[in-house]
Amino acid sequence: MNTKKKAFIDVFRRNTGNIKATCEKVGMGRTTYYNWIDDDKGFETEVQNVNEELIDYAESQLHTKISQGNLTAIIFFLKCKGQTRGYIDKQYIQTRQMTEPIKVFDWEADSIVIE
């Protein structure tokens, strides 16, 4: 990975993974960024690593809030990680496809009776 890409990664990390802000800061277009992602697997891996670091940081902050008794953080965590234990906001409904359409009226076989 060349010096310009390494510099981009450093600025990208400082800009908390914001692509637009990083491109503006280093003076290049987003197209170049996406070309680098497509053409250089090492660069792509570094970008992914920065994003993983940001997720790790956010998770550590969430756990800090949980340990402080922050109810919102506790609820959020349980809704995300505790679904198998019943901490869930939405219901998942299983549906099945009908094998035959419902017959409403067959003009040839059914008759209309008027009394």
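Brief remarks on what is shown
- Taking (1) part of a helix (DSSP H, G or I); (2) more than 21 Å from the chain's Cα centre (by Cα); (3) aliphatic (A, V, I, L, M) in turn, residue 93 satisfies each apart from (1).
- Considering only residues in the stretch 2-35 that are over 25 Å from residue 56 (Cβ atoms) and of a type in the set (D, E, K, R), the one that is nearest to the chain's Cα centre (by Cα) turns out to be 30.
- A single entry from 71, 62, 78, 54 fulfils the requirement of being of a type outside the set (Asp, Glu), in contact (Cβ under 8 Å) with a residue 24 or more places away in the chain and on the phi < 0 side of the Ramachandran plot: 54.
- Cross-chain or 6+ apart pairs with Cβ under 7 Å, the stretch 17-39 first and without any contact (Cβ under 8 Å) to a residue 12 or more places away in the chain and under 15 Å from residue 51 (Cβ atoms), then surrounded by 14 or more Cβ atoms within 10 Å (Cβ to Cβ) and not acidic (Asp, Glu): 21/15; 37/43; 37/47
- Of all residues in the stretch 12-29, those satisfying the criterion of being in a helix (DSSP H, G or I) and over 12 Å from residue 47 (Cβ atoms) are 14, 20, 21, 23, 24, 25, 26.
- Restricting the stretch 21-64 to residues that are loosely packed, with under 12 Cβ neighbours inside 10 Å and among the acidic types (Asp, Glu) leaves a set whose member that is nearest to residue 81 (Cα to Cα) is 59.
- For the stretch 65-79, the candidate set comprises residues that are loosely packed, with under 11 Cβ neighbours inside 10 Å and not polar (S, T, N, Q); within that set, the residue that is nearest to the chain's Cα centre (by Cα) is 71.
Every number in this text was worked out from the coordinates using simple rules, so none of it is lab data. The structure displayed is predicted, hence computed values, not measured ones. When we count neighbours, we look across all protein chains shown, and the Cβ atoms used for this are built from the backbone with ideal geometry, even at glycine.
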